Amino acid sequence: MVDQEKIEKAFASIIDAIGEDPKREGLAYSPQRVARMYAEVFSGLDEDPTEALGTGFEEGHDELVMVKNVRFSSMCEHHFLPFTGTAAIAYIPNGRIVGVSKLVRALEILAKRPQVQERLAAQLADAIDSSLKAQGVAVVLEAEHMCMSCRGVEKPGHQMVTSVSRGLLLTQDSKRQELFALLGQR
Ligand code: ZN
């Protein structure tokens with residue numbers, strides 16, 4: 001569980017450390033707000049993505065399934081600034097399918113942790129792989145990182161792309177081509 005009281009105290013110190021007055025009207029409740037926000041954006045630390053994926057159905061389906069243009073937001077663990085974008089999540093079932101909202105829910109759980117985009121994609125692919133024993137899994141994330149848009153090199157509008165494939169979606173050319181064709185469609 002996120003300790004909101006600890007965050008409040010720590011954030012009041014940060015306000016003080018940048019030379020601002022933590023008692024000033026506009027800032028007085030900021031430590032509380034930040035504590036509540038952190039409890040929300042790091043709520044995935046207490047949750048297990050494989051649990052969300054646990055309720056599937058035996059359908060005998062073994063063709064590629066994809067959900068794409070799923071908007072997500074996560075927190076870069078290097079700067080504690082958000083990165084936001086879209087996800088495409090694909091898998092080839094081994095007979096067993098899962099509700100589309102469960103895929104999105106697993107993404108949400110993993111995104112609501114201190115993250116790097118590369119690991120977020122890999123963890124989601126592995127959670128789907130282990131929960132569904134899928135024949136193949138692919139996760140493609142495209143996101144803009146505030147730590148690169150608002151500071152440092154200051155390049156708003158960029159898109160960082162990370163792609164992770166497992167099983168047949170890594171090894172079988174025809175399945176990879178199907179994946180890329182579906183990714184390309186609007
Ligand atoms: Zn960063």
Can you tell me the dipole magnitude for the chain around its Cα centre, using point charges on the Cβ only (Lys, Arg +1; Asp, Glu -1), in Debye to the nearest 20? 300 debye
Starting from the Cα-Cα distance between residue 58 and residue 158, subtract it from 0.36 nm times their residue separation and give me the gain in nm to one decimal. 31.9 nm
To the nearest 0.05, how large is the calculated FRET efficiency for residue 28 and residue 147 if R₀ is 25 Å and r is the Cβ-Cβ distance? 0.35
Footprinting proxy, 109, 15: sorted fewest to most Cβ within 10 Å, the residues are 15, 109
Specify which residue in the list 67, 116, 80 is farthest towards the positive end of the charge dipole of segment 66-133, using unit charges on the beta carbon of Lys, Arg (+1) and Asp, Glu (-1), about the Cα centre. 67
State the answer as a single residue: which of 104, 184, 168 lies farthest towards the positive end of the charge dipole of segment 45-186, with beta carbon charges of +1 for Lys and Arg and -1 for Asp and Glu, about the Cα centre. 184
Which order do peptides 2-10, 113-121 fall in by mean Cβ count within 10 Å, highest first? 113-121, 2-10
In nm, give the distance between the simple-model label positions of residue 16 and residue 119, each being 7 Å from the Cα along the Cα-to-Cβ direction. 3.1 nm
Taking θ = phi - 60°, what integer Hz values does the Karplus form 6.51 cos²θ - 1.76 cosθ + 1.60 yield along segment 42-52, in sequence order, with x for Gly and Pro? 10, 5, x, 5, 9, 10, 10, x, 6, 5, 4
Indicate the helices, whole DSSP H runs only, in the chain that combine a mean Kyte-Doolittle hydropathy of 1.0 or more with a Cα extent along their long axis of 15 angstrom or more. 100-111
Can you give the log10 of the normalised intensity I(q)/I(0) at q = 0.23, 0.25 Å⁻¹, computed with Debye over equal Cα scatterers of segment 27-68? -0.89, -0.94
Could you size up the charge dipole of segment 1-73 around its Cα centre, putting +1 on the beta carbon of Lys and Arg and -1 on that of Asp and Glu, and report it in debye to the nearest 20? 620 debye
Which number gives the lysine pairs in the chain that have C-alpha atoms under 28 Å apart and are eight or more places apart or on different chains? 15
At q = 0.10, 0.15, 0.16, 0.18 Å⁻¹, what log₁₀ I(q)/I(0) does the chain have when each alpha carbon counts as one equal point scatterer in the Debye sum? -0.48, -0.89, -0.98, -1.14
Run the helix sum for the chain: -39,500 (n - 2.57) per DSSP H stretch of 4+ residues, divided by residue count, reported at 222 nm to the nearest 500 deg cm²/dmol. -12000 deg cm²/dmol
Could you work out the equivalent-ellipsoid semi-axes for segment 77-186, taking the square root of 5 times each eigenvalue of the Cα gyration tensor, largest first, in whole Å? 27, 16, 11
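Values in this text are rule-based calculations from the coordinates and carry no lab data. In this text the structure is predicted, and so the values were computed from the model without any measurement. Because the Cβ atoms are built from the backbone with ideal geometry, glycine has one as well, and the counts that use them run over all protein chains shown.
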